[in-house]
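Bear in mind that the values in this text are calculations on the coordinates, not laboratory data. Note that this is a predicted model, so its numbers are computed, not measured. Reconstructed Cβ throughout: ideal geometry from the backbone, glycine too, with neighbour counts over all protein chains shown.
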Amino acid sequence: EESRKIVLTEDASLPKAVKAKIINLEPLRDKRVRLSGWVHRLRDQQDIMFIVLRDGTGYLQAILTGNANKTYDALTLEREASVELTGTIKVVPEGQKAPGGHELVVDYWRVLGRAPGAEEAFSNRLNEQSDPSIQADLRHLVMRGETSSSVLRLRAALLTAFRATLATLNCLEVTPPCLVQTQVEGGATLFKLDYYGQPAYLTQSSQLYLETCLASLGDVFSVQESFRAENSHTRRHLSEYTHLEIEVAFVKFEELMDHIETIICETVDKLLADTSASALIKSLNPSFTAPIRPFTRMSYVSAIAWLNEHSILHPAEDAEGNVIKDDDGNVKMVKHQVGDDIAEAAERQMTDIIGRPVFLYGFPAEIKAFYMTKLPRVEGQPEGVHYTESCDLLMPGVGEIVGGSMRIPDMDELIAAYKREGIDPTPYYWYTDQRKYGTCEHGGYGLGVERFLAWMANRYTVRECSLFPRWPNRATP
Ligand code: 4AD
């Protein structure tokens with residue numbers, strides 16, 4: 001071991017090293033380069049040490065031999081230490097594989113920041129079997145891994161592709177506020193806070209603000225965090241999620257659904273046409289293919305019938321919404337009825353059987369938000385029953401990823417809707433004003449970015465699709 005305690009110095013007679021990033025190494029083959037990054041993997045054999053270096057742009061195999069492998073730092077190096085490596089980029093010998101097809105033959109290197117070692121950082125606390133709460137506590141380290149970082153990388157590509165697609169449709173990006181004094185999707189899921197002595201909320205949706213932009217900027221969109229105080233511990237609910245919302249003027253309901261389909265399909269096509277994004281999709285979800293158009297459109301009433309034809313039941317609830325159990329403690333399952341909310345489990349079974357994107361449209365007014373227009377009445381529709389120009393887009397494996405609707409353009413009808421829902425119209429004066437000053441037929445939708453990503457990247461839960469996910473009782477790290 002004494003022999004390894006050599007102090008390494010840089011040989012001044014070697015060509016000057018070029019500072020580089022892993023992604024840009026191809027034109028630098030046979031040149032001397034200097035790279036900084038983290039020790040992603042480490043394999044130490046008697047006379048040779050292999051480091052897989054990670055710098056955020058890619059992975060690079062580095063080889064340390066001779067004196068470079070005999071220093072104290074070489075002896076004590078651990079995964080996740082940060083290092084600076086200097087050497088020559090060489091094409092790997094025939095028959096060998098390495099990321100990028102080349103490797104770094106190191107002639108000088110130094111440790112920038114030590115790490116306590118993989119055992120301490122990961123293996124002892126974190127493995128496939130470890131408790132999910134430990135995984136969540138260590139999210140800041142988990143995201144250094146290949147899978148987690150690929151998901152985050154695809155997320156970035158996805159947002160870029162959405163923005164590019166929206167630009168081709170003349171939608172302008174705006175940045176609505178997060179601190180608001182109005183609700184959009186019902187008071188039950190609002191996070192309330194004290195705002196200089198006034199009540200305020202974290203936004204549930206930027207929709208109302210997007211609507212105000214139509215007469216000023218034309219069709220608009222936003223990518224904003226939405227907050228939902230939902231006590232849902234499911235695979236697809238977060239307390240804070242990234243909401244891509246779009247609002248378009250002078251459209252009919254059918255055109256709104258066409259819009260959703262176009263945005264999704266063109267964004268997917270862009271990602272598949274992009275070399276690095278498609279490589280990420282391939283590694284995360286090898287069987288992914290672009291969805292077939294047109295998407296199926298199924299009315300809510302037909303969906304209820306479909307669920308019953310396929311014997312998909314839902315738990316019975318009493319008047320207070322508590323699940324009813326039989327004497328043996330088994331949940332009582334019942335058929336769906338018109339008026340029921342289609343719950344997550346039923347929706348998931350449905351999309352899994354259909355196996356392709358489905359628009360469900362025409363939900364009953366009672367289970368939807370106050371601002372939605374009504375569908376024209378059809379023959380045989382019972383008195384007092386109203387269906388709305390609303391739609392959810394369901395994807396196999398995830399279920400609902402988009403929710404959208406047409407918005408009430410008529411002022412009196414909107415005021416009646418506030419009243420019906422028990423909403424005080426006072427703080428909504430600016431929203432109501434849109435109907436007073438040149439109203440227009442318009443609609444829009446919101447897409448849950450984490451849900452879309454879970455679908456594309458085939459992730460088990462949206463928690464894997466957020467940088468630092470928040471769910472009930474979790475706001476750390
Ligand atoms: O269906 P939602 O509640 O619709 C709205 O908020 C409309 N105001 C949007 C609009 O028309 N501009 O939410 C839209 C989408 C859902 O389809 C889902 O993908 C996602 O937002 N979403 C959630 N994602 C993660 N966690 C939650 N708790 C979510 N709640 C909704």
* To do: Could you list all residues from the range 454-477 that are crowded, with 16+ Cβ neighbours inside 10 Å and closer than 22 Å to N231 by Cβ?
  => A454, T461, V462, R463, E464, C465, S466, P469, R470, W471, R474
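So which of A277, A215, A188 ends up being small (G, A, S) and under 16 Å from R163 (Cα atoms)?
Selected residue: A277, the only one of A277, A215, A188 that is small (G, A, S) and under 16 Å from R163 (Cα atoms).
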* **Subset of the range 228-247 (residues that are farther than 13 Å from L202 by Cα and either more than 9 Å from the ligand (Cβ to nearest atom) or in contact with a Pro (Cβ under 6 Å, 6 or more places away or on another chain) (or both))** => N231, H233, R235, L238
* Structure fact -> Note: among T212, T168, just one is within 14 Å of the ligand (Cβ to nearest atom) and under 24 Å from I263 (Cβ atoms), namely T212
* **Residue that is more than 19 Å from F468 (Cβ to Cβ), away from the ligand (no atom under 16 Å from the Cβ) and out of contact with any Pro (no Cβ under 7 Å at 6 or more places or on another chain), where the choices are T189, T175, T147, T160** => T160
* **Residues of the range 361-383 satisfying the condition of being within 13 Å of the ligand (Cβ to nearest atom) and hydrophobic (A, V, I, L, M, F, W, C)** => F363, I367, A369, F370, M372
* To do: Would you mind telling me which numbered condition in (1) farther than 18 Å from Y445 by Cα; (2) away from the ligand (no atom under 15 Å from the Cβ) M298 fails?
  => (1)
* Members of the range 241-253 found to be farther than 17 Å from V220 by Cβ and surrounded by fewer than 19 Cβ atoms within 10 Å (Cβ to Cβ), listed by number -> K252
* Asked: Can you tell me which residues in the range 192-201 are touching a residue at least 12 places away in the same chain (Cβ under 8 Å) and either over 17 Å from R228 (Cα atoms) or within 16 Å of the ligand (Cβ to nearest atom) (or both)?
  -> Y195, Q198, Y201
* Condition test on Q204, is it within 8 Å of the ligand (Cβ to nearest atom) and among the polar types (S, T, N, Q)? -> yes
* Would a scan of the range 173-189 turn up a residue that is within 16 Å of E245 (Cα to Cα), within 20 Å of the chain's Cα centre (by Cα) and of a type in the set (A, V, I, L, M)? -> yes
* Residue among L256, L284 that alone is within 28 Å of A157 (Cβ to Cβ), near the ligand (Cβ under 10 Å from one of its atoms) and surrounded by 14 or more Cβ atoms within 10 Å (Cβ to Cβ) -> L256
* **the range 1-48 - residue that is touching a residue at least 60 places away in the same chain (Cβ under 8 Å) and among the acidic types (D, E) and, of those, surrounded by the most Cβ atoms within 10 Å (Cβ to Cβ)** => E10
* **Count of the range 234-254 residues which are in contact (Cβ under 8 Å) with a residue 12 or more places away in the chain and more than 17 Å from the chain's Cα centre (by Cα)** => 7
